[in-house]
1. Provide, for q = 0.16, 0.22, 0.24, 0.25 Å⁻¹, the log10 of I(q)/I(0) from a solvent-free Debye sum over equal Cα point scatterers in segment 1-81.
2. Across 10 Å bins from the origin, how do the percents of Cα pairs in segment 87-135 run, short distances first?
3. Counting only Cα, what are the radius of gyration and maximum Cα-Cα distance Dmax of segment 101-171, in Å?
4. Using alpha-carbon pairs under 8 Å, 6+ residues apart, how would you state the relative contact order of segment 1-99 in percent?
5. List the relative contact order of the chain as a percent without decimals, with contacts defined as Cα pairs under 8 Å and 6+ residues apart.
6. Past the 13 angstrom mark, what percentage of all C-alpha to C-alpha distances in segment 53-100 do you count?
7. With unit charges on the beta carbons (Lys and Arg positive, Asp and Glu negative) and the dipole taken about the Cα centre of segment 33-191, which residue among ASN156, ALA37, TYR49 sits farthest to the positive side?
8. Alpha carbons only, please: Rg and Dmax for segment 55-163, in angstrom.
Amino acid sequence: SFSGYGRVAYTEPFTEKLSMNVSLRASSDSYSSDKDATNGEDGSRNEYYSTYSRRYGDRFVEALTLQYKFNEDNRVIMGMSAFQTSNVTVSEALGASRTVGEGEWTNNWAPSLELGFGKGNFRGHIEYSGQTSLPSGESVVPAIDISNPLMVTAGNIYLAPSFSHDFSGGVSFSLPKKGLSLFLEGYGNVM
């Protein structure tokens, strides 16, 4: 497997409390798998039952966010992101070769929101964002996996990029002089 990632961002402070951030992200990854089957008589490769798959994808994300700081501990960040995702799977199995997703792009967008708050020794945050994800390389391998006889699986070359809504929040409280710190974090997503 291979993956690469790049990001360019610019922040423009309009005032001491208000700023805008623009960012562009690009990522690319590739995963390939060979599972050879052999003929029992002579141990040669069986072309019909051997499988090969390669999944490669590109993802671009453009984001615009505005941040307003009420003070050092309290802020709100609102934004919008656009996602463009390409997912191509090439597979050879059961004597047939297929290419899925070539030239196809999935487009999505999502708002984002982050609230940061605090007073004294108390801090907290609540966040929402959306994102696209490519299927894992293992999930598109067309070979039947019998390594666990109770759960026989096979990949699906037709899997498309997924989109999820992500939520998180947390609070912390500390009393440094008493050596006490409490931290609670929660996370969830909807696909």
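1. Log10 of I(q)/I(0), two decimals: -0.76, -0.98, -1.05, -1.09.
2. Histogramming segment 87-135 at 10 Å steps yields 17, 26, 20, 16, 12, 7, 2 percent.
3. Looking at segment 101-171, its Cα Rg and Dmax stand at 19.5, 57 Å.
4. Averaging sequence separation for qualifying contacts and normalising by length gives 26 percent for segment 1-99.
5. 15 percent
6. Here the tail beyond 13 Å accounts for 71 percent of pairs.
7. ASN156
8. Cα radius of gyration and Dmax of segment 55-163 are 20.9, 68 Å respectively.
The values are calculated or read from the model by the stated rules, or taken from the named source; none is laboratory data. Note that the structure is a prediction, hence the values are computed from the model and not measured. Cβ atoms come from the backbone with ideal geometry, glycine included; neighbour counts cover every protein chain shown. For accessibility, only protein heavy atoms count, side chains too; no ligands or nucleic acids. Shrake-Rupley method; radii C 1.70, N 1.55, O 1.52, S 1.80 Å.
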